[in-house]
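All remarks here apply to the structure that follows.
A short reminder: the numbers here are calculations on the coordinates, not readings from a lab. These numbers were taken from a predicted model, which means no experiment stands behind them. As a convention, Cβ positions derive from the backbone with ideal geometry for all residues, glycine included, and neighbour counts pool all protein chains shown.
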């Protein structure tokens with residue numbers, strides 16, 4: 001799995017490959033698939049990786065769906081904190097920025113007057129008349 005790759009999509013692709021292999025007469029059980037996933041995670045997922053490997057060492061079974069959910073949560077946190085950028089197939093960067101803004105929350109509204117346009121409600125650094133702020 002690549003650093004920027006969505007773990008849910010990666011696991012779905014692995015399951016499709018497992019199904020193709022099953023059609024050829026070979027089977028791959030969940031434990032082998034879980035081990036493959038854990039051994040091929042990027043370093044950003046080390047804490048989750050250690051947690052699941054510890055469970056396996058203790059003889060506990062690791063559910064594939066629980067692993068998927070845990071990895072997806074970690075991926076969402078990495079995206080929210082800006083440690084990785086969400087890969088976007090549609091190249092709709094505006095949508096990704098809006099998602100990030102909704103997750104991080106909105107700024108408290110400025111009650112003063114803009115030094116650039118003179119309107120009330122935003123600072124000069126956030127003024128939408130500036131070329132650098134046109135996309136905001």
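Data table
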{"item": "Fully extended contour minus Cα-Cα distance, from residue 21 to residue 44, at 0.36 nm per residue", "result": "5.3 nm"}
{"item": "Cβ-derived FRET efficiency at R0 25 Å, residue 53 paired with residue 5, nearest 0.05", "result": "0.75"}
{"item": "Shape category assigned to the stretch 1-68 from the gyration tensor of Cα positions, a/c cut at 1.5", "result": "oblate"}
{"item": "Label-reachable residues, the stretch 1-27, where backbone N falls under 16 Å from a point 7 Å from residue 69's Cα toward its Cβ", "result": "8"}
{"item": "Length gained when the stretch residue 117-residue 77 is fully extended (0.36 nm per residue, less Cα-Cα span)", "result": "10.7 nm"}
{"item": "Segment residue 110-residue 129, extension gain: residue separation times 0.36 nm, minus the distance between their alpha carbons", "result": "5.2 nm"}
